[in-house]
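The values are calculated or read from the model by the stated rules, or taken from the named source; none is laboratory data. Source: prediction; values computed, not measured. Cβ atoms come from the backbone with ideal geometry, glycine included; neighbour counts cover every protein chain shown.
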Amino acid sequence: MSLAKSLGLPSNLDKLHEWASLHNIYIATENFDLELWGYATKSDYDSYLVLINNRLCYEMQQKVLMHELVHILKHSPGSHPIYKDQYDIEKEADELAEKIIKDASG
């Protein structure tokens with residue numbers, strides 16, 4: 001079983017935005033400073049908003065999106081305080097996002 005499938009993501013990443021909206025995950029781009037690539041936040045209504053810096057190239061926006069989706073699926077942003085192991089959580093999200101994208105591109 002692919003990593004994407006084990007996390008509940010579609011195997012065809014072209015359908016990622018459609019999948020996200022079906023799961024109450026809303027994706028938007030915003031003009032942030034370059035220090036902020038993106039983030040995910042949980043609403044009081046059990047939906048999520050993922051904001052991605054539109055100054056990034058398309059490929060990096062896709063990596064950031066996958067990184068934030070890993071947080072939603074594995075780390076549930078907004079539901080826990082930032083612990084001192086936040087670095088490990090970020091590293092795991094980066095590694096899993098890269099693996100999912102690599103697996104999808106074949």
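Before moving on, here are some points about what is shown:
- Answer from 52, 72 - the residue that is among the β-branched types (Val, Ile, Thr), more than 15 Å from residue 96 (Cα to Cα) and in contact with a Phe, Trp or Tyr (Cβ under 9 Å, 6 or more places away or on another chain): 52
- Filtering the range 1-38 to residues that are polar (S, T, N, Q), under 18 Å from residue 76 (Cα atoms) and modelled with pLDDT of 90 or more leaves 21, 24.
- Residue match in the range 69-89 (condition: touching a residue at least 24 places away in the same chain (Cβ under 8 Å) and of a type in the set (Val, Ile, Thr)): yes
- Considering the range 39-57, the residues that are part of a loop (DSSP other than H, G, I, E, B) and among the charged types (D, E, K, R) include one that is modelled with the highest pLDDT, namely 55.
- Among the conditions (1) surrounded by 13 or more Cβ atoms within 10 Å (Cβ to Cβ); (2) closer than 26 Å to residue 2 by Cα; (3) touching a residue at least 12 places away in the same chain (Cβ under 8 Å), residue 12 misses just one, which is (1).
- Subset of the range 31-46 [under 17 Å from residue 21 (Cα atoms), surrounded by 10 or more Cβ atoms within 10 Å (Cβ to Cβ) and of a type outside the set (Lys, Arg)]: 39, 40, 41, 43
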